[in-house]
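J.: Below are the structure tokens for one structure; questions will follow.
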Amino acid sequence: MALFADIIINRKTPAVDRVFTYSVPERLAETLRVGMLVRIPFNRERLEGVTVALNRQPPDFSTREVLDIIGDRPLFSDELLQLSRWMADYYHCSWVTAMQAMLPAGMSLSGKRPRPVYDDYYALSAGYQQVRRSAQRQRLISLLEQHGELDAAALRQQGFSSAVLRSAQQAGLIEKISRSAVEQTLRRLPAGFNEEQEAAYQAIIQERRGANRPYLLHGVTGSGKTEIYLRLIADTARRGRQSILLVPEIALSAQMIEMLSRRLDVPLALLHSGLLASERRRIWQEIAEGKISVVVGARSAVFAPTPRLGLIIVDEEHETSYKQENNPRFHAVTAAVKRAQITGAQLLLGSATPSVESYFQALCGRYALGRLSRQYYPAPQPEVRIVDMREELKHGHKLIFSRELLGELEQTLADHGQALLFLNRRGYYSFVSCRDCGQSISCPHCAVALSYHDDGKGGWLRCHYCGYAARPPQQCPSCGSRHIRRFGIGTQRVADEAARLFPTARIARLDSDVMQKRGEYQRIYQAMRRGEIDILVGTQMIAKGLDFPRLHLAAVIAADTLLNLPDWRAGERTFQLISQLIGRAGRREQQGLALIQTYMPEAFPIVAAAARDYQQFYQQELLYRQMHGYPPYNHLLRILLTCCDQGRLVESCQSYYYYLQQQIADDSELCGPAEAAYARIKDRWRRQILIKTADVSAAAEAAETAWQTLQREERLPADLRWSLDIDPMSAF
């Protein structure tokens, strides 16, 4: 009996975003399976596609034949196909776009298959000190002494070619180590649970055996949520099932892998965008073959091709980094909820400061809820003090660090402790402006002020959105004045100021500028763990999930930079980041101290964070959300239109708004059209419309219909672009 295949074509255009049916020739009928990549004729081309269904029922139209099968195994399992179909429907992207998001970088739906590539790692040989060395070889020795071992790709980035490495190996200076992505780990018995942890653990097990709702574990920082993760992962492995553990930042993956490898006797894999393409393809294949018991990674790891998935854990579930900003604009928590439903796996969401939406779901009974109210270690809760920077100015103190912070830093260093200094802004100065006319030096391609970065040679002005860089001008480009001054602070300036005030302290900086260098985060993290850094300065990545036993002092340099963002989540983000940072201090026997420097000491999110009162914050924030119709009371949809011509954009956006009004339901609220928070990025002007609605599907359909009507009825600029973001994390 003839076999027919339903296939999604590898084209992202709306015209072909549907299923096409092909007949399967007899020579391929025994081999072809759902999820496989095939080559098919399409018009006059030969294209690739994914088989999404097989059936024996002939269609009521003539069909063309599948030409060939690409690869020897399915690219997608049945459950990943279901998940990709749901993603396409919910986030209003093409099905093929959702599928592509599930594949690792360097692997596509155009026929490129993952190859089991094994990267070469290099370490110093036992007798390397007896080998003659040039200046280049000495630099190689220094690198490997510092890192222990490095892969070939990292060494190539440092300027060591394959020929240089081969020569060094032949001379007996270094040795090559080949290994796969599977980390065979050392076994160590888990630490014991306290009463709260044991109760939470048993409740999670009972939920899995019962209704199996998503489980929200609300535990204060340092309460031992990770211990529960470890026990659940071990249980899942004993049942022959696989686990996925999501972390919000690539930076936290290394710490989590290190902890898992110390404590569990299971094969682990790290999956995130910071890996080389060959590494990602190799790991992806080993996961699909069932060789990996635990997958750790950032948001895209939620799509890991685990054939026996039993557990998904989302650590720090409140983090906005779980939301992808480019198409498909999925949220990893939402995708994890759906994947758990499809597979029957248990889903555990953990956070010290749960998102308002997740906590609301738990209180409504859609999620199960567990709490850990005290720290795992016997140290008392950190002391928290709010420093009113207005008083500092009144007393003539104009330094970045308040007098109180200076004193506590000095005491911490004297006690051989460590300190974290948090500022959510990188660079040296925030902006450069003219003292005569007030004009700030802006990016020529974006409607944002350029930040000053010091390189010791006059510095650079950089745009953090398009990457534009220029040397600072000697005179104002607007009025010609030479009274150019630098204002504001960034992490680079904080680090330099700390070095000036404490010249003997060992200071490091951790932000996205530093992270551009491969392996730099791991180097700083390990140095901090070994006590080789006294003061660590950084952006939000140092406020999340890190556990340093010697850390005594944590300080927020300027809490107002978070609170004053033009965004409806600004209060929640301020509360979460300050709370997370407070939890970093004093996590063992000694009580820690957290200082919050602010010009708005009475601001409610700051007061609530200092008091460590999540319930009070939640009730206040929920009232604000209800008054303004924000989630969780409504879904939010953000429509963004961009164009290089500002005038044509305003006209087109107004026309679109008119057509949208005709389509949108009466119970939905439209906000806008208005300029986006950043009115121009990369030479494109930006305007947006927000929709508040209870029916996200109907509103998204209305938004797409209005866009199609606008394209049909109006003469539009050729470069006008439209995008739809379901459940955006900000209004930027």
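J.: If I model a spin label at CYS364 and HIS397 as a point 7 Å from the Cα along the Cα→Cβ vector, what separation in nanometres do I get?
T.: It works out to 4.7 nm between the two label points.
J.: Using θ = phi - 60° and the Karplus curve 6.51 cos²θ - 1.76 cosθ + 1.60, what whole-Hz ³J(HN,Hα) does each residue of the range 309-323 get, with Gly and Pro shown as x?
T.: Going residue by residue, I get 5, x, 8, 10, 10, 10, 7, 6, 4, 7, 5, 5, 5, 6, 9 Hz, with x marking Gly and Pro.
J.: Something else now. Counting only residues 5 or more places away or on other chains, whose amide H sits under 5 Å from the amide H of GLY219 once H atoms are built in the peptide plane?
T.: SER351, ALA352, LEU372
J.: Could you check the spin-label model distance between ALA15 and GLN170? Points 7 Å from the Cα along Cα→Cβ, value in nm.
T.: If labels sit at ALA15 and GLN170, their model points lie 5.8 nm apart.
J.: Taking amide H positions as placed in the peptide plane 1.01 Å from N, state which residues far from GLN439 in sequence (5 or more) or on other chains have amide H under 5 Å from it.
T.: CYS434
J.: Oh, and also: Packing-wise, with mean Cβ within 10 Å as the measure, how do 500-507, 577-584 rank, highest first?
T.: On the way: 500-507: 13.2, 577-584: 25.8.
Order by mean packing, descending: 577-584, 500-507.
J.: So, R0 is 51 Å and r is the distance between the beta-carbons of ARG238 and CYS671; what FRET efficiency does that work out to, to 0.05?
T.: The pair ARG238/CYS671 has a calculated efficiency of 0.50.
J.: What shape does the range 3-101 have by the C-alpha gyration tensor, where a ≥ b ≥ c are the square roots of the eigenvalues, rounded means a/c under 1.5, and otherwise prolate means a/b greater than b/c and oblate the rest?
T.: Prolate shape, in that a/c is at least 1.5 and a/b is the bigger ratio.
J.: Further, regarding this structure: Enter the Cα centre distance for the pair the range 1-56 and the range 418-466, rounded to the nearest angstrom.
T.: What the calculation gives is 52 Å, centre to centre.
J.: How big is the antiparallel share of DSSP beta bridges in the chain, given as a percent to the nearest 5?
T.: Around 55 percent antiparallel, to the nearest 5.
J.: Moving to a separate point now. With the alpha-carbon atoms as the only input, what is the per residue convex hull volume for the chain in Å³?
T.: Given the Cα convex hull of the chain, per-residue volume reads 205 Å³.
J.: Within the range 525-540, list the residues whose amide N lies under 19 Å from a label point set 7 Å along Cα→Cβ of THR504.
T.: Those under the cut-off are 531-536.
J.: Give the aspartates and glutamates whose C-alpha is closer than 19 Å to that of LYS457, dropping any in the same chain fewer than 8 places away, or say none.
T.: Answer for LYS457, where 19 Å is the Cα cut-off: ASP496, GLU497, ASP513, listed by chain and number.
J.: Return the FRET efficiency for the residue pair GLU65, THR97: r is the Cβ-Cβ distance, R0 is 41 Å, and the value is rounded to the nearest 0.05.
T.: Step by step, r from the Cβ atoms, then E = 0.95.
J.: Between ALA447 and ARG485, what is the FRET efficiency for a Förster distance of 25 Å, r being their Cβ-Cβ separation, to the nearest 0.05?
T.: After rounding, the FRET efficiency stands at 0.70.
J.: If the cut-off is 12 Å between C-alpha atoms, which aspartates and glutamates fall inside it for LYS338, apart from same-chain ones fewer than 8 positions away?
T.: Within the straight-line cut-off, LYS338 pairs with GLU79.
J.: Also, I was wondering about something else. Using the per-residue mean of other Cβ atoms lying within 10 Å as a proxy for protection, in what order, highest first, do the peptides 234-243, 166-175, 475-484 fall?
T.: 234-243, 166-175, 475-484
J.: Figure the gain on full extension for ARG715 and TYR624 (residue separation times 0.36 nm, minus the Cα-Cα span) and round it to one decimal in nm.
T.: Extending this stretch completely gives an extra 28.6 nm.
J.: Residue by residue through the range 45-55, what is 3J(HN,Hα) from phi via Karplus (6.51 cos²θ - 1.76 cosθ + 1.60, θ = phi - 60°)? Round to whole Hz and write x for glycine and proline.
T.: Listing the rounded values in order: 10, 10, 10, 9, x, 10, 6, 10, 6, 10, 8 Hz.
J.: Multiply the residue gap between LEU406 and GLU704 by 0.36 nm, knock off their C-alpha separation, and tell me the result in nm, one decimal place. It would help to have the intermediate numbers written out before the result.
T.: Numbers: separation 298, 0.36 × 298 = 107.28 nm, distance 5.56 nm.
Length difference between fully extended and current span is 101.7 nm.
J.: What does the C-alpha gyration tensor say about the overall shape of the range 390-530? Classify as rounded when a/c is under 1.5, otherwise prolate if a/b is larger than b/c, or oblate.
T.: Values: a/c = 2.73, a/b = 1.43, b/c = 1.90.
Since a/c reaches 1.5 but b/c is at least a/b, the shape of the range 390-530 is classed as oblate.
J.: If you don't mind, there's one more thing I want to ask. Considering only the range 195-372, what is the antiparallel percent among its DSSP beta bridges, to the nearest 5?
T.: Bridges in the range 195-372 that DSSP calls antiparallel: roughly 5 percent.
J.: Which trypsin sites (Lys or Arg not before Pro) in the range 623-732 sit in a loop by DSSP (not H, G, I, E or B) and have at most 10 other Cβ atoms within 10 Å of their own Cβ?
T.: ARG715
J.: Check the cysteines of the chain one by one and keep only those with no other cysteine Cβ under 4.7 Å from their own.
T.: Flagged as lacking a Cys partner: CYS93, CYS364, CYS466, CYS643, CYS644, CYS653, CYS671.
J.: Separate question: Among 14-25, 41-52, how do they line up by average Cβ neighbours within 10 Å per residue, starting with the highest?
T.: Final packing ranking: 41-52, 14-25.
J.: Further question: Counting each DSSP H run of 4 or more residues in the chain as -39500 (n - 2.57), what helix-only mean residue ellipticity at 222 nm follows after dividing by all residues, to the nearest 500 deg cm²/dmol?
T.: -10000 deg cm²/dmol
J.: Here's another thing I want to ask about it. Along the Cα-to-C-beta direction of ARG435, a point sits 7 Å from the Cα; which residues of the range 374-417 have their amide N less than 20 Å from that point?
T.: 396-400
J.: Which value in nm describes the separation of the simple spin-label points at GLN57 and ASN212, placed 7 Å from the Cα toward the beta carbon?
T.: That separation, rounded to one decimal, is 2.8 nm.
J.: Quick one: 3J(HN,Hα) in Hz for the range 636-647, Karplus 6.51/-1.76/1.60 with θ = phi - 60°, rounded, Gly and Pro as x.
T.: Karplus values, whole Hz, x for Gly and Pro: 10, 10, 10, 9, 10, 10, 10, 6, 6, 9, 5, x.
J.: Under 5 Å between amide H atoms, partner at least 5 residues away or on a different chain: which partners does GLU714 have, H built in plane at 1.01 Å?
T.: Here the answer is none, since no amide H 5 or more places off falls under 5 Å of that of GLU714.
FYI, it's all coordinate maths here, none of it is from the lab. These numbers were taken from a predicted model, which means no experiment stands behind them. Positions of Cβ are generated from backbone atoms using ideal geometry, with glycine treated the same way; all protein chains shown enter the neighbour counts.
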